[in-house]
Amino acid sequence: MPRWRNWAGDQECFPAAIERPGTREELASIVRAAAERGQTVRALGSGHSFTEIALTDGIAVDVGRLDRVLSVDRPAGLVKVEAGIVLGELNRRLDALGLAFENLGDIDRQTLAGSISTGTHGTGARLRSVSAQVEAVELVLADGSSVEVSAGSDPAGLAAARIGLGALGLVYAVTVRTVPAFTLHRTDRPRPLDETLARLDELNEANDHFEFYVFPHTRTALCRESRRTDEAPNPRPPAVVYAQEVMLENWGGQLFALAARHLPAQIPRISRLAAAGVGRSTKVDRSFRVFASERRIRFTEMEYGIPREHAAEAVRRVLQIASRPEHAVGFPIEVRFVAGDDVILSAAHARDTCYVAVHQDRARDWRPYFREVEEVMDTYGGRPHWGKRHFQTAATLEPRYPRWGEFQALRARLDPDGLFENEYLRRVLGER
């Protein structure tokens, strides 16, 4: 029996089969055959979700071979691509066309379909998530037929399909709205935490993309500030990139994580050393190379979107929890910002949003720490990142999404027999 594990290695399943279609017709045939046998179907991307969203004991569909660019409308900036293309590869192809995403997350290893289906967002107070940059989604439905929902043909359907959780059908292709390729000037620098929290509006206004990290037991915000620039891209030499982004950020981070695991009493000291070791640096390059970071440390993560006006208070409360000795947290808290959007299941639906992410060593029991943080997020009406840990159910989620009923109605219409369901969807969307 096949076995599948996610990137972090903390989720696994044993599907009846793993299929790898190379065309829309092959994808449709797989869905029809599964339906005839009474088996469920779930899509597999690159496994960068920390939840059970991809798990199945039915038919797993690895979309990795669906990686073609199908059409390009340069004047409109619209590019239609198959669902399984990995973001890093898509970025390189767009750059060759003189195009780019206006905003991206800090990982480029996900498939396009996986990133939009779970709500990858990036940061930029005036910019929206990756899902909100989608203009059309082509789905293969439970009967094997195809439908394309777009802003022109079915805006309500598009608002649901942009973050569909794989509950509406299998994504075959996505049309994204791009912008002309651009260069970013990024400055990484430490700032006093209290000053940073007091100046959040100012820092967001001054930068196209702003985010920061803060280690428990420290009072230093490690800020990442990016602005569009007319400067020519100035890529750092590969050896410098490797030393900074692989050796220092990953190998060094792994050493800190291991030290924290085996010497929990030393976590405050280790955290202060980690924060003190970060200096000022700059990077000027094409946007997609500035957005993306090399991540090799395996961990588990939870992230919530809350109304932006509560950001400073929420960070202080989470830091108090993360600093408690019983949680032994050796990872930083990550804080990012995005503009509100109209995507039904988006954490930023109809509100400008601050995302607060917490991480923990996979070898530890992360549940007590994450549950306490989630209780804080609940007080702000927090909405979970769909690809990251949380403990919510359909009953607790429904009041947080104003258009929840619309999504459920479309789910019932497009997948009446639950072909695309699994245990995770039954928990977060409810039983039929």
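General observations
- Sites Ser153 and Leu273, calculated FRET efficiency, Cβ-Cβ separation with R0 45 Å, nearest 0.05: 0.20
- Cα→Cβ-extended label distance, 7 Å offset, between Asp95 and Ser71, nm: 2.8 nm
- 13 Å reach of a label modelled at Leu263, 7 Å along Cα-to-Cβ, counting backbone N of the range 194-222: none
- Cα-based shape type of the range 22-68, given that a ≥ b ≥ c are square roots of the gyration tensor eigenvalues and the cut on a/c is 1.5: oblate
- Residues considered: Arg280, Arg109, Arg224. Largest GNM mean-square fluctuation over the chain, using C-alpha springs under 10 Å, is found at Arg280.
- For the range 1-80, trypsin sites (Lys or Arg not before Pro) meeting the loop criterion (DSSP other than H, G, I, E, B) and having at most 16 other Cβ atoms within 10 Å: Arg3, Arg65, Arg68.
- Kyte-Doolittle at least -1.0, axis length at least 15 Å by Cα - qualifying DSSP helices, the chain: 24-37, 311-322, 404-414
- Comparing Ser153, Ser115, Ser49 in a Gaussian network model of the chain where C-alpha atoms under 10 Å apart are linked, the largest mean-square fluctuation is found at Ser153.
- The range 1-65 and the range 380-417 have Cα centres lying 22 Å from one another.
- Rg and Dmax of the chain, both derived from C-alpha coordinates alone, stand at 21.0, 61 Å.
- Accessible carbon and sulfur surface of the chain relative to its total accessible area, %, 1.4 Å: 51 percent
- Across the range 209-215, coupling constants 3J(HN,Hα) worked out from phi with the 6.51/-1.76/1.60 Karplus curve, θ = phi - 60°, read 9, 9, 8, 8, 10, 8, 7 Hz, and Gly and Pro carry x.
- GNM result for the chain, Cα springs below 10 Å: residue of Glu398, Glu25, Glu36 fluctuating most strongly: Glu36
- Taking only the Cα atoms of the range 302-432, the radius of gyration and Dmax are 15.8, 49 Å.
- In this simple spin-label approximation, Ala8 and Ser146 carry label points 7 Å from Cα along the Cα→Cβ vector, and these lie 3.4 nm apart.
- Solvent-accessible heavy-atom area per residue, rounded to whole Å², over the chain at 1.4 Å: 40 Å²
The values are calculated or read from the model by the stated rules, or taken from the named source; none is laboratory data. Computed from a prediction, not measured in an experiment: that's the story for all the values here. Neighbour counts run over all protein chains shown; Cβ positions are idealised from the backbone, glycine included. When the accessible area is computed, the model is the full protein with side chains, heavy atoms only, and any ligands, DNA or RNA have been set aside. Shrake-Rupley method; radii C 1.70, N 1.55, O 1.52, S 1.80 Å.
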